[in-house]
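The values are calculated or read from the model by the stated rules, or taken from the named source; none is laboratory data. Everything numeric in this text was worked out from a predicted model, so none of it was measured. Note: ideal-geometry Cβ built from the backbone for every residue, glycine included; neighbour counts use all protein chains shown.
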């Protein structure tokens, strides 16, 4: 099974009639549904693999012990209720912040620890910046996620900073002197904004190509799906870290590239 999937939801409906050796007839789902469900169970586990079963359908005994709600084909409400139960489980999965072993999970944690945390700890101590007769000493951090992972993120970040006329300066953080890009609006002085596009995302595109073992030039639909998932995962993990720090909640915001 390919690693682009986070969950699997399957419906076991009364599609086939099976005659056993004793002459008994059973109503069973299609073999491919059972096979796919078994593959997802093996790869993702039963907390991420869901099977909704039509009443009266016989399943393999291997599925005994797995929670599988039943629905009636002629009752739309029962179908909706059982489907919503699994939908709520998926939502809870993200609400509680279960972390998957995606490459961007480690990247997001490292980025927060090595950069964001230092900015948050140091932002109140940043020296005044004087520009065109205005003084700036009240800063917030906006983390800009690229729209996609095409190409080199460092180069993409430089283009983004220059396109928006941000000014480069440096911050003395707990770890080291950190280059940073600022946006100064005279009408909002003494407030200023620090922008950062995480260059740590560089290389994810190449890593995905290696996983897919592509033998051609160009971007496949599957590659773009995986990249979108990785970006979403990076954002989710990073937001979880920000939410755990009351100071970070006040001064850090994740935004999309504009």
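When residues of the stretch 236-256 are filtered for being at pLDDT 95 or above, surrounded by 13 or more Cβ atoms within 10 Å (Cβ to Cβ) and under 19 Å from residue 204 (Cα atoms), how many remain?
Adding up the residues that qualify gives 1.
Got a sec? Which strands (runs of 3 or more DSSP E) wholly within the stretch 74-164 have at least 1 residues that are under 21 Å from residue 237 (Cβ atoms) and either under 25 Å from the mean Cα position of the chain (by Cα) or outside the structural domain of residue 237 (by TED's automatic domain parsing) (or both)? Talk me through it step by step, then tell me what you get.
Values: elements: 129-131, 134-136, 138-145.
Ranges flagged: 138-145.
Of the residues in the stretch 99-116, how many are modelled with pLDDT of 90 or more, crowded, with 19+ Cβ neighbours inside 10 Å and out of contact with any strand residue (DSSP E or B) (no Cβ under 8 Å at 6 or more places or on another chain)?
Going through the stretch 99-116 one residue at a time, the tally reaches 4.
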